[in-house]
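The values are calculated or read from the model by the stated rules, or taken from the named source; none is laboratory data. Because the structure is predicted, anything quoted here is derived from the model rather than measured. For neighbour counting, all protein chains shown are included, and Cβ atoms are generated from backbone atoms with ideal geometry for every residue, glycine included. Please note that ligands, DNA and RNA were not included when accessible areas were found on the heavy atoms of the full protein model with its side chains. Shrake-Rupley method; radii C 1.70, N 1.55, O 1.52, S 1.80 Å.
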Amino acid sequence: DAGVTQTPRHEVAEKGQTIILKCEPVSGHNDLFWYRQTKIQGLELLSYFRSKSLMEDGGAFKDRFKAEMLNSSFSTLKIQPTEPKDSAVYLCASSLGADAEQFFGPGTRLTVL
Amino acid sequence: QQNVQQSPESLIVPEGARTSLNCTFSDSASQYFWWYRQHSGKAPKALMSIFSNGEKEEGRFTIHLNKASLHFSLHIRDSQPSDSALYLCAVTVMRGANTGKLTFGHGTILRVHP
């Protein structure tokens, strides 16, 4: 059974560009999460879906970050426009439910110049 | 707003030592408690979880939870160099709109030297 897959693994963008990160959760998982990880801020939740419904739209991140769950097996995270402070590793995770382990993808390392 | 704090920030121990990592949380409605481990350049992976007060042991790893003190910990017996990683504690609140949302601490960097 495949784990969580994320593409691309690396992305370099110019300031002001639009980038789209992709995630395929583990088959059968109901919950999907997008996180951002930096050394300073640690692991921050950006968005959270339960059975394709948006439960958390990212609070402070909502103005330039938009996550969508197009179907139960595919999600995207759009950052528009990108800023240098967005440079980080973006992780997608999925789980069976609230009391279940979250399985993380390998992440996308984003560098914004 | 859940606040999850970890201590220490980093730790260096010799091979074979017993290691203790700590995590405090602020929301008394927290119900599920996790430790995740992240090796350098890799994704976080769940190590252990506990859902009720007390202790749970799996091999060299033990979790201890005290909900009244808003504290849980991870203890590693006979630490190995392969245990060197970033350890993240995480807490799930099961209440209202935050149901199922996992809040992570900033992590403890553990280095076990041979």
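Per residue, the accessible area of chain A comes to 49 Å², computed with a 1.4 Å probe over protein heavy atoms only. Each other residue within a Cβ distance under 12 Å of A:A88 adds +1 if Lys or Arg and -1 if Asp or Glu, for a net charge of 0. Counting only other chain Cβ atoms within 10 Å of each residue's Cβ, the peptide A:37-44 averages 4. Label point of B:S82 set 7 angstrom out along Cα-Cβ; within the range B:19-59, amide nitrogens under 20 Å from it belong to B:19-20, B:35-49, B:57-59.
Given B:K42/B:K101; A:K22/B:K56; A:K39/B:K45; A:K52/B:K56, which pairs have Cα atoms separated by over 29 Å? Going by Cα-Cα distance, A:K22/B:K56; A:K52/B:K56 fall outside the 29 Å limit. Counting Cβ atoms of other protein chains within 10 Å of each Cβ in A:91-98 and taking the mean gives 3.
Considering the protein assembly as shown, its Cα convex hull presents a mean projected area of 12.4 nm².
Computed from the Cβ-Cβ distance with R0 of 35 Å, the FRET efficiency linking A:T5 to A:Q80 stands at 0.95.
Beyond 15 Å, what share of the Cα-Cα pairs of the range B:53-114 remains, rounded to the nearest whole percent? Summing the P(r) of the range B:53-114 above 15 Å gives 63 percent of all pairs.
Using only Cα coordinates, the Kirkwood hydrodynamic radius of the range B:1-59 works out to 13.8 Å. For A:K15, give me every one of the lysines with a C-alpha distance below 16 angstrom, ignoring sequence neighbours fewer than eight places off in its own chain. Reachable lysines: A:K78, A:K85. Straightening the chain between B:Q5 and B:R60 buys 17.4 nm, computed as 0.36 nm per residue apart minus the Cα-Cα spacing. Counting only Cα atoms, the range A:4-43 measures 37, 23, 15 Å along its principal axes, largest extent leading.
Could you report the buried accessible area between A and B, both sides summed, computed with a 1.4 Å probe and given in Å² to the nearest 100?
Separately minus together, A and B give about 1600 Å² buried.
For chain B, the Kirkwood estimate of hydrodynamic radius, built from reciprocal distances between every pair of different alpha carbons, is 14.2 Å. P(r) tail, chain A: Cα-Cα pairs separated by more than 21 Å, 29% of all pairs. Taking only the Cα atoms of the range A:36-96, the ratio Rg/Rh comes out at 0.95, with Rh defined as the Kirkwood radius.
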